[in-house]
Amino acid sequence: MDTFEARKLHYEKAAKTVIANLKKRHMEGYYAADSGEALKIALSLIPEGSSVAWGGTQTCNDIGLIEAVKKGPYEAIDRLDARESREKFKEIYGKICTCDYFLMSTNAITLDGELVNIDRTGNRVSFLCFGPENIIIVAGMNKLVESLDEAISRAKNTAAPINAERLDRKTPCTAAGKCGDCCSPDCICYNTVITRQSDNGRVKVILVGEELGF
């Protein structure tokens, strides 16, 4: 068996474990071998005419999900439109809070089915916790870790430094490549959320057998 096939088989077996553990936490899990399959699964979960919003998510962009929603038969709610004015901000985020589907990724997911996410303003994790009727999370298998401690470490030392670099933040993590546990004005790690359980079926997690996002 070559390396590619071995990795593919490992991802499938690991995803099966995670999906079973998500179920016991009242979350729905799916596995897609690649981005194309992940896109099909995600769109199959969203009925035509649904209102759909999203947080900052490189993964959903990578698989073409955001573009498909914008071009598809949905009411797309783009949070970037909220930048126009304070009044527009209130309008857009009010719609996001009550939308039918909210799209995002996760900074880390454990084999036991727990999710870990870090945000600055909370405009992603807040909707994961409350508001939209359904949450669809798309995550590459590169975000899978064994334990909750490892998930927190991944969010702080892998995802956050890359995102801080991408956003041109002047933080210790962009200088050192790892978390400096800082209180810098540019810090993007204001809120850390651990999702260990959810209302029945509200959170749907699509695991993808590729390295996606940060």
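The values are calculated or read from the model by the stated rules, or taken from the named source; none is laboratory data. Quick caveat, the model's predicted, so the values are computed rather than measured. Cβ: placed from backbone, ideal geometry, glycine included. Neighbour counts: every protein chain shown.
At-a-glance table
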read-out	value
Residue pairs meeting the criteria (Cβ under 8 Å; at least 6 apart or on separate chains; first polar (S, T, N, Q), in region 55-71; second part of a helix (DSSP H, G or I))	57/66; 61/67
Selection count where residues are more than 18 Å from residue 211 (Cα to Cα) and either assigned to a helix (DSSP H, G or I) or in contact with a Ser or Thr (Cβ under 7 Å, 6 or more places away or on another chain) (or both), scope region 41-59	2
Helices (runs of 4 or more DSSP H) fully within region 103-181 counting 2 or more residues that are more than 18 Å from residue 203 (Cα to Cα)	148-154, 160-166, 172-176
Candidates 108, 151 - the one that is in contact with a Lys or Arg (Cβ under 6 Å, 6 or more places away or on another chain), at pLDDT 95 or above and either closer than 21 Å to residue 28 by Cβ or among the basic types (Lys, Arg) (or both)	108
Residue count for region 156-184, restricted to those that are surrounded by 19 or more Cβ atoms within 10 Å (Cβ to Cβ) and not aliphatic (A, V, I, L, M)	8
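Listed here are the residues, each with its yes/no results for (1) of a type in the set (Asp, Glu); (2) crowded, with 22+ Cβ neighbours inside 10 Å; (3) over 21 Å from residue 167 (Cβ atoms).
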residue: 107; (1), (2), (3): no, yes, no
residue: 117; (1), (2), (3): no, yes, no
residue: 120; (1), (2), (3): no, no, no
residue: 124; (1), (2), (3): no, yes, no
residue: 128; (1), (2), (3): no, yes, no
residue: 142; (1), (2), (3): no, no, no
residue: 149; (1), (2), (3): yes, no, yes
